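A.B. asks: What follows is a single structure, and I will ask about it in a moment.
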Amino acid sequence: MLVDVHAHFLHARTPRADWRERNVSRLTAGAKIGISVHVASILGSWGLTSPIYFPSPRDVTAGNDALLALQREHPDSIRGYVCVNPNYTAHARAEIVRCLDAGMIGIKLAASRRADDPLLDPIAALARERRVPVLQHIWQHRRRDWPGQEASDATELCTLARRHPEVALILAHIGGGGDWLHSLHAVREVPNVYVDLSGSGVDGGMLEACVESVGVGRLLWGTDLTMDTGWAKLRYLESLLSGEELALVSWKNAARIFPPGAFPAD
Amino acid sequence: MRIDCNAFLGAYPWRKVPGTSPDALLQALDRTKIDVAWITHLPSLFWRDPTEGNAWLYETARKEKRFKPVPTVHPGLSNWEQVLSGAANAGAPVVRCDPLYFGLDPAGGEMRALVAACSAARLPLMLGVRLEDGRQRHPNDHVGELPAAAVRTLIRSAADLRLLVTHADRGFIEEVHFGSTPDEARRIWWDICWIWGPPEDHFATLLGTVGVERFVFGTGQPLRLPDNSIAKLDLLELAREQREAIESKNIQELSA
């Protein structure tokens, strides 16, 4: 069993004319890699009618609806994160309830508000109540603000994690840009933060540092926008870890933090 | 046969990287079923005279038949022509120059003199666009990335020049390829290590638009996991001949 904890899909109301091809490509590559379940999110309209990382409530709902439709279309292989914009608290909380009730299994926070902001508390409280993890977009060691996103770094995520010790928080794409070592030092002593291995980065030494920092019990395998790098990391882990350790990273850790029954063999 | 045209030996100054010794590289080659690695001495790219690493590189390659040396040439130093002829005599398949690491204008006079000499000597030149993701570099690592315009300038400046460009992404490759004449584009080979696979499918797109014959297998190891370039190929539906071309035949043609 292999669970990709960081996948994305596109839909018709995005700037991408090739959205169908990209979705098919993900599923086709997933079949080759052996991915059992893609746990995915859709970030609103992906920039068509509101910014990717600051999606409007209307776009949030449309994106989540598109993902629910994909989940219904592929009931064995696609699961959803509810994407929300925490600047719209009431909408975000209502959307979480609606989409979890409809079968989604986690919450996705992009980069609409820093992770240590009090506006994330009502989201985290609902995550605890519904016992679902939160996948938080992270810029590994942000030294400055980047255009188009209010990206959090690991230190801010850890602040949120300490305020909500019963919520599983997933630090997104350790290979997704920025100084991953900074993040790994930050999360080491925060037991409810899990490290998602996705991202285009395939730096030599990164996986060893992940294992050294949080151990195999807090690593989650994923791909994000580059499935080839995800597969490369999985292959490298096969030589680095024992079979049982690899199973933890591949799916067992995910099965532990997502709701019971979220995955077929769970 | 699988040839990695883009491998390094020796420590990287900006972060801890495992597997930088010759023995460790051989183990990585065995693990990933790579037969031959073209090797660069990584530390010397950061030295004032980067060619001082070439002697060690030649010696290391002499001891291990799976290694082929890719020595460094610095056209801003007075001995660069001797370094170039030494590379040819040592059987180097290509030489490399990283102008931005050496503080040189990537399309300036020194580089144009170098490519003219490489062209005359029928010795291909390797250029790296980058070594690391720009978003994660050490705060004191300010070296810029090789501009696509410089590659276009260089390929235009010497009629018989052959270039091997590593660590380029789709946008860079397209800009150079379609910003060149067919003859110029035929003299450039691209290492695949930095090109995205599915679901964006940049690599599949480039194979269709730029052509299989322009791509060569490279990894950037040990700075990057070599498994990535193999995974990228495994995710494509390639005919056996196409895969062989990328994994070995194209690079053999470049260095013939």
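No lab work stands behind these numbers, since they all come straight from the coordinates. Just so it is clear, the model here is predicted, and its values are computed rather than measured. Cβ atoms come from the backbone with ideal geometry, glycine included; neighbour counts cover every protein chain shown.
A.B. asks: For segment A:182-266, state which GluC sites (Glu not before Pro) are in a DSSP loop and have at most 16 other beta carbons lying within 10 Å of their beta carbon.
C.D. replies: Passing both the DSSP loop test and the Cβ count: A:GLU189.
A.B. asks: Using θ = phi - 60° and the Karplus relation 6.51 cos²θ - 1.76 cosθ + 1.60, list the HN-Hα couplings for segment B:184-193 in order, rounded to whole Hz, with x at every Gly or Pro.
C.D. replies: Result, rounded to whole Hz: 5, 4, 5, 9, 10, 10, 10, 6, 8, 5.
A.B. asks: Another question, if that's okay. Go through segment A:76-85 residue by residue and turn each phi into a ³J(HN,Hα) via Karplus (6.51, -1.76, 1.60, θ = phi - 60°); whole Hz please, and just put x for glycine and proline.
C.D. replies: Once rounded to whole Hz, the list reads 8, 10, 10, 10, x, 9, 6, 8, 9, 10.
A.B. asks: Now for a separate question. At 222 nm, what helix-only mean residue ellipticity would chain B give, in deg cm²/dmol to the nearest 500, using -39500 (n - 2.57) for each DSSP H run of four or more?
C.D. replies: So the calculated ellipticity at 222 nm is -10000 deg cm²/dmol.
A.B. asks: Could you state the orientation-averaged shadow area of the convex hull built on the Cα atoms of segment A:13-56, in nm² to one decimal?
C.D. replies: Values: hull surface 13.8 nm².
That works out to 3.4 nm², a quarter of the Cα hull's surface.
A.B. asks: Calculate the dipole size of the protein assembly as shown relative to its Cα centre from +1 charges on Lys and Arg beta carbons and -1 charges on Asp and Glu beta carbons; express the result in debye to the nearest 20.
C.D. replies: In debye, rounded to 20, the protein assembly as shown gives about 300.
A.B. asks: Mind checking which of B:GLY103, B:CYS118, A:VAL37 is farthest towards the positive end of the protein assembly as shown's charge dipole, using Cβ charges of +1 (Lys, Arg) and -1 (Asp, Glu) about the Cα centre?
C.D. replies: Ranked along the dipole, the leading option is A:VAL37.
A.B. asks: Rounded to two decimals, what is the ratio between the C-alpha radius of gyration of segment B:101-248 and 2.2 N^0.38 Å?
C.D. replies: 1.05
A.B. asks: Need the full-extension length gain, A:ALA31 to A:HIS185, defined as separation in residues times 0.36 nm minus the C-alpha distance. One decimal, nm.
C.D. replies: Gain on stretching A:ALA31 to A:HIS185: 52.0 nm.
A.B. asks: Based on alpha-carbon atoms only, what is the radius of gyration of segment B:141-227 relative to the globular estimate 2.2 N^0.38 Å?
C.D. replies: Working: Rg = 13.1 Å, N = 87, 2.2 N^0.38 = 12.0 Å.
Output field value: 1.09.
A.B. asks: For A:LYS233, list the lysines whose Cα falls under 22 Å from its own Cα; do not include residues on the same chain fewer than 8 positions away.
C.D. replies: Result set, ordered by chain and number: A:LYS32, A:LYS252, B:LYS16, B:LYS33, B:LYS232.
A.B. asks: Let me test this: with uniform point scatterers at the alpha carbons of the protein assembly as shown, what is the Debye-based log₁₀ I(q)/I(0) at q = 0.06, 0.07, 0.09 1/Å?
C.D. replies: Log-scaled intensity ratios, in q order: -0.30, -0.40, -0.65.
A.B. asks: Ignore the peptide's own chain and count Cβ atoms of other chains within 10 Å of each Cβ in A:196-208; give me the average, rounded.
C.D. replies: 6
A.B. asks: Using only Cα atoms, what is the ratio of the radius of gyration of chain A to 2.2 N^0.38 Å?
C.D. replies: Its radius of gyration relative to the 2.2 N^0.38 Å reference: 0.91.
A.B. asks: For peptide B:232-238, compute the average count of partner chain beta-carbon atoms within 10 Å of each residue's beta-carbon.
C.D. replies: Working: counts 6, 1, 7, 8, 3, 2, 0.
Neighbouring Cβ atoms belonging to other protein chains average 4 per residue here.
A.B. asks: Compute the relative contact order of segment A:137-220 as a whole-number percentage, counting only Cα pairs closer than 8 Å that sit 6 or more residues apart in sequence.
C.D. replies: Reported relative contact order: 29 percent.
A.B. asks: Then there is this: Once you put a point 7 Å from the Cα of B:LYS65 and another 7 Å from the Cα of B:ASP35, both along the Cβ direction, what distance in nm separates them?
C.D. replies: Once both label points are built, they end up 1.2 nm from each other.
A.B. asks: Quick one: Karplus J couplings for segment A:5-13, per residue in order, coefficients 6.51, -1.76, 1.60, θ = phi - 60°, nearest Hz, x for Gly and Pro?
C.D. replies: Working through the residues one at a time gives 7, 9, 10, 9, 10, 10, 8, 5, 8 Hz.
A.B. asks: Once you sort the root eigenvalues of the Cα gyration tensor of chain B as a ≥ b ≥ c, which label holds: rounded (a/c under 1.5), prolate (a/b larger than b/c) or oblate (the other case)?
C.D. replies: rounded
A.B. asks: In a Debye calculation with equal point scatterers on the alpha-carbon sites of segment A:1-145 and no solvent, what is log10 I(q)/I(0) at q = 0.10, 0.16, 0.18 Å⁻¹?
C.D. replies: Values, matching the q order: -0.32, -0.83, -1.04.
A.B. asks: Amide H neighbours of B:MET126 under 5 Å, counting only residues 5+ apart in sequence or on other chains, H built in-plane at 1.01 Å?
C.D. replies: It is B:VAL95, B:ARG96, B:CYS97, B:LEU164, by chain and number.
A.B. asks: Counting partner chain Cβ atoms within 10 Å of every residue's Cβ in B:133-143, what's the average?
C.D. replies: Taking all residues of B:133-143 together, the mean is 4.
A.B. asks: Can you give me the distance in nm between label points at A:LEU48 and A:GLU212, each placed 7 Å from the Cα along the Cα-to-Cβ direction?
C.D. replies: 4.6
A.B. asks: How would you order A:108-121, B:136-149 from highest to lowest mean count of nearby Cβ atoms within 10 Å? Please list the in-between numbers first.
C.D. replies: Details: A:108-121: 21.4, B:136-149: 14.5.
Listed from highest to lowest mean packing, they are A:108-121, B:136-149.
A.B. asks: Among B:MET111, A:MET227, which comes first, then next, by fewest other beta-carbon atoms within 10 Å?
C.D. replies: The order, fewest Cβ neighbours first, is B:MET111, A:MET227.
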